[in-house]
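The values are calculated or read from the model by the stated rules, or taken from the named source; none is laboratory data. Please read all numbers here as calculations on a predicted model, not as lab measurements. Using ideal geometry, Cβ is built from the backbone for each residue, glycine included, and neighbour counts are taken over all protein chains shown.
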Amino acid sequence: MPKYKMKGVAYFLEFQKHHFGSLVTGALIGTLTSAGEVGSAAIDAVKKIVVTALRDTSEITTTATQAAGDITGAAIHTAVGVGADAGTAVNHAVHGLIHGVNDVGGDIGTTVEHAARGAIRATNEVGGDLGKTAVSVVRGSIAATAQVGGDVGQVSERAVKGVLDGAREISQTAVGTVSGALESSIVEAKDIVRTAVTKHK
């Protein structure tokens, strides 16, 4: 690809990245239920944002999915800001991401890994429960990947790797918290998750 075109693409991606946060925040707030929780409509809202972004950058889909961390991060910041459950919000965001990326033929594993890392980073920023976020991300990844007929084993490993990489950026204690939560709480694909935790922690 010519250099001048790559510069234009890089600018577009940076522009999109800075706008993902506000787009997702608006979408999630729009799904708030009467009880003040982020509703399941958030899945379709996030999916729509992802599909639009990836279709606009069809020749560089893999690069575009790196913005997934901004989406899960925005979900957590939004939930905390309105007093909603961050675990539910990030779970819905992960579902929306996977369904959106699948619709445009993107790389689900890459998307999930970036999403997982961003979720842990955001949870640390708001002083949230790292273990709970990790479990929500991995469970959401497993469920959504099964729904779209993807490789649950491969995607769940990438999700585990992402949350552990995010925890590693914080501290070794955080890695212990995340790995412990995953090993004790994940029932779905338990053997795959435990093997991935051992491999990546």
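Quick notes
- Per-region count, region 143-169, residues in a helix (DSSP H, G or I) and surrounded by fewer than 23 Cβ atoms within 10 Å (Cβ to Cβ): 9
- If the condition is being in a helix (DSSP H, G or I) and among the β-branched types (Val, Ile, Thr), then region 116-138 contributes Ile120, Thr123, Thr133, Val135, Val137, Val138.
Per-residue answers, yes or no, for (1) without any contact (Cβ under 8 Å) to a residue 60 or more places away in the chain; (2) more than 21 Å from Ser22 (Cβ to Cβ); (3) of a type in the set (A, V, I, L, M, F, W, C); (4) not in a helix (DSSP H, G or I):
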position: Asp70; (1), (2), (3), (4): yes, no, no, no
position: Ala89; (1), (2), (3), (4): no, no, yes, no
position: Gly105; (1), (2), (3), (4): yes, yes, no, yes
position: His114; (1), (2), (3), (4): yes, no, no, no
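- Remark: pairs (first residue in region 172-187, among the polar types (S, T, N, Q); second residue in a helix (DSSP H, G or I); Cβ separation under 6 Å; 6+ apart in sequence or on different chains) = Thr177/Leu130; Thr177/Gly131; Ser179/Val197; Ser185/Val135.
- Of the residues making up region 115-124, those that are surrounded by 24 or more Cβ atoms within 10 Å (Cβ to Cβ) and more than 16 Å from Arg139 (Cβ to Cβ) are Arg117, Gly118, Ala122.
- Criterion violated by Arg168 - all others in (1) within 17 Å of Ile120 (Cβ to Cβ); (2) in contact (Cβ under 8 Å) with a residue 40 or more places away in the chain satisfied: (2)
- Residue among Gly150, Gly162, Gly140, Gly127 that is of a type outside the set (A, V, I, L, M), under 17 Å from Ala86 (Cα atoms) and touching a residue at least 40 places away in the same chain (Cβ under 8 Å): Gly140
- Selection count where residues are under 13 Å from the mean Cα position of the chain (by Cα), over 15 Å from Val160 (Cβ atoms) and β-branched (Val, Ile, Thr), scope region 99-135: 2
- Boolean, Thr177 is of a type in the set (Val, Ile, Thr), buried (at least 24 other Cβ atoms within 10 Å of the Cβ) and at pLDDT 95 or above: no
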